[in-house]
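Reading through the structure tokens given below for one structure.
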Amino acid sequence: MNLQDAFANLGVDWVPRPIQELLVGELVDGGSRLSFLEAPTGIGKSAIALCYGDLIEAKTCVLTTTLSLQNQYVRDFDVALLKGRANYVCSANGLRASEGICQASRDAEACDSEYYDAREACRTAPRIVTNYAMYLTSLLHHSLPWNSQGGPRRLLVCDEGHRLLDQLTEFETLCLDGPLAKRLGFDDAEGWQTIEDAVTWANYNLDSIEEGRYDAIQYGAQDARLWNTLYHQCTALAKLSVEDQEALIPLQTGKYLQACSLWPRRTSRRLFNSAERMLIMSATLYGGSLLSQILGFDEEEEGGGGRFNAAFHSAPSPFPKHRWPVLYSPRGAPNHTNNDWAGIAEAVHEYVHANRAIKGIVHVAAANQVEPVTRQARLCLECSPYLLLPEPGITRADTLAMFRRRRPGTWLVHYSAGEGEDFKDGQCRIQLIAKLPFPDLGDKLTRLRLEDPGLGKKLYAAMTAAKIAQIAGRGMRHEKDWCSTVILDGNFERLWRWHQDLFPEWFRRLL
């Protein structure tokens, strides 16, 4: 199969752009077991990944973090989709398939749930799209549903790769929920001060929990989901060896115990070994080598195979930079020691006041920054009606939907709109970064990772750089679109001076 045939084989009338042809050629010719692809919005990373799989004659499995991206693959390409069990219904008991009859007993026959139809389609499909949790859970239990006809799937594509560390960390995190256990009748669940205490409790009560779960699922009880959650928490803890326990860091103790490893390298290694080739792709990948170090891909392979054969590919933006410039215009440098918000609040007011024909977004890093950033605009009788702020009782999704429907001149001020969202065309023409999105040091794991002498500080800067770059792409979605991003936070200067190599190449060309 040649390159033109590979694009024609995507299931739609694709006409590859030169940059896509170049990147696919680099991936194929490189022959690396592990490849990183850092490319901005508009490149067509999904098409590149699927063509890469076809050209190396690989069965391809794409992992995503969101249902919206999974649905985009289904809409744009000829792929089989397998969602998590909770998205399907068990026809035998009427609950979600995650609490289906087959989950309570290994001897139970598969019902006619749509989950099994989707899984069966994956056995023969050349391309599969699923989520990280589904894949990792199946991998843990050695039951990849699309792998029954022999051998590991040859190409594993980790889309939204900038979130791979979070996905692996979440999968390795162990919990034990005391209030949940008490709600289900375990009065001795008073809390745990150590991981060893939690493991002991889980082993002591596991048989009773398994029995309660079995009954709840068999009879279709409404609390089956709760029993299922507690069961999975306890089985994960019960499997821990003494060595495994010593490798964990307790993040929270007491009524709710939570623990994980500092870096999820055990799971990343299993993920890597589940396929013959692996492609990690995103608009932002921490400059390339850092992610390899974090996930342990720069270490020796098991079995004496030498170091991981990794290749990093970076692509420029296909859009003219004048259509989506990133401007640095410092108006204050607030941090934990000062409240230098006045200049930033003034700038926000100026932009809101001067732009009645277009819509914009003001990005902050936390909910408590909304008030100081909008102080002047809220006091202006002309501007305050045009502000859309987060409100208690209104979900993030509803707030963003309201913004998309609002009239020109509307400004959204939010702490969670800079990633995974699409504000194309007139939905957003100006973005203001009022406060750099530094990782939250109130999170214990983030703080402990920062203290790692080898990787901590560099990861902290890389995560911030990635979020800034992600924000820049929210309002520029196609070649005829346009959107300016203005960085108002003066703390950017130091970040850029010391760590500009951690920003994607395409972002450096926009600034």
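The values are calculated or read from the model by the stated rules, or taken from the named source; none is laboratory data. Because the structure is predicted, anything quoted here is derived from the model rather than measured. No Cβ is skipped: glycine too gets one built from the backbone with ideal geometry, and neighbour counts run over all protein chains shown. Just so you know, the surface numbers come from the protein's heavy atoms only, side chains and all, with ligands and any DNA or RNA stripped out. Shrake-Rupley method; radii C 1.70, N 1.55, O 1.52, S 1.80 Å.
Values as computed for the structure displayed
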item: Subset tally (residues that are closer than 21 Å to VAL373 by Cβ and open to solvent by 10 Å² or more (accessible area, probe 1.4 Å)) for the range 440-466; result: 3
item: Among residues of the range 486-511, those that are outside any helix (DSSP H, G or I), under 25 Å from the mean Cα position of the chain (by Cα) and among the polar types (S, T, N, Q), counted; result: 0
item: Complete set of residues in the range 367-382 that are crowded, with 16+ Cβ neighbours inside 10 Å and of a type in the set (S, T, N, Q); result: GLN369, THR374, GLN376
item: Condition met for GLY220 (at positive phi and either open to solvent by 40 Å² or more (accessible area, probe 1.4 Å) or out of contact with any Gly (no Cβ under 9 Å at 6 or more places or on another chain) (or both)); result: no
item: Pair list, Cβ < 9 Å and 6+ apart or interchain, from the range 399-412 residues that are touching a residue at least 24 places away in the same chain (Cβ under 8 Å) and more than 13 Å from ARG356 (Cα to Cα) to residues that are outside any loop (DSSP other than H, G, I, E, B) and of a type in the set (Ser, Thr, Tyr); result: LEU412/THR399
item: Failed condition for ALA462, given (1) outside any loop (DSSP other than H, G, I, E, B); (2) closer than 30 Å to ALA342 by Cβ; (3) out of contact with any strand residue (DSSP E or B) (no Cβ under 7 Å at 6 or more places or on another chain); result: (2)
item: Helices (runs of 4 or more DSSP H) lying entirely in the range 186-287 (those with 3 or more residues that are among the hydroxyl-bearing types (Ser, Thr, Tyr)); result: 195-218, 224-238
item: Restricting the range 248-271 to residues that are among the aliphatic types (A, V, I, L, M) and farther than 15 Å from ALA198 by Cβ, the residue that is most open to solvent (accessible area, probe 1.4 Å); result: LEU262
item: Matching option when the condition is under 24 Å from the mean Cα position of the chain (by Cα), open to solvent by 10 Å² or more (accessible area, probe 1.4 Å), closer than 30 Å to TYR460 by Cα and not hydrophobic (A, V, I, L, M, F, W, C), among SER282, SER329, SER314; result: SER314
item: Residues within the range 57-72 that are out of contact with any helix residue (DSSP H, G or I) (no Cβ under 6 Å at 6 or more places or on another chain) and either more than 23 Å from LEU290 (Cα to Cα) or open to solvent by 10 Å² or more (accessible area, probe 1.4 Å) (or both), tallied; result: 11
item: Of residues in the range 106-142 being at pLDDT below 85, open to solvent by 60 Å² or more (accessible area, probe 1.4 Å) and more than 30 Å from PRO264 (Cβ to Cβ), the one nearest to the chain's Cα centre (by Cα); result: THR124
item: The one condition in (1) open to solvent by 40 Å² or more (accessible area, probe 1.4 Å); (2) assigned to a helix (DSSP H, G or I); (3) in contact (Cβ under 8 Å) with a residue 40 or more places away in the chain that ALA469 fails to fulfil; result: (1)
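Each row is one residue, and each column tells you yes or no for (1) at pLDDT below 90; (2) touching a Lys or Arg at 6+ places or on another chain (Cβ under 9 Å).
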| site | (1), (2) |
| --- | --- |
| ASN228 | no, yes |
| SER241 | no, no |
| LEU248 | no, no |
| GLY254 | no, no |
| ALA259 | no, no |
| ILE280 | no, no |
| GLY304 | yes, no |
| ALA310 | yes, yes |
| PRO334 | no, yes |
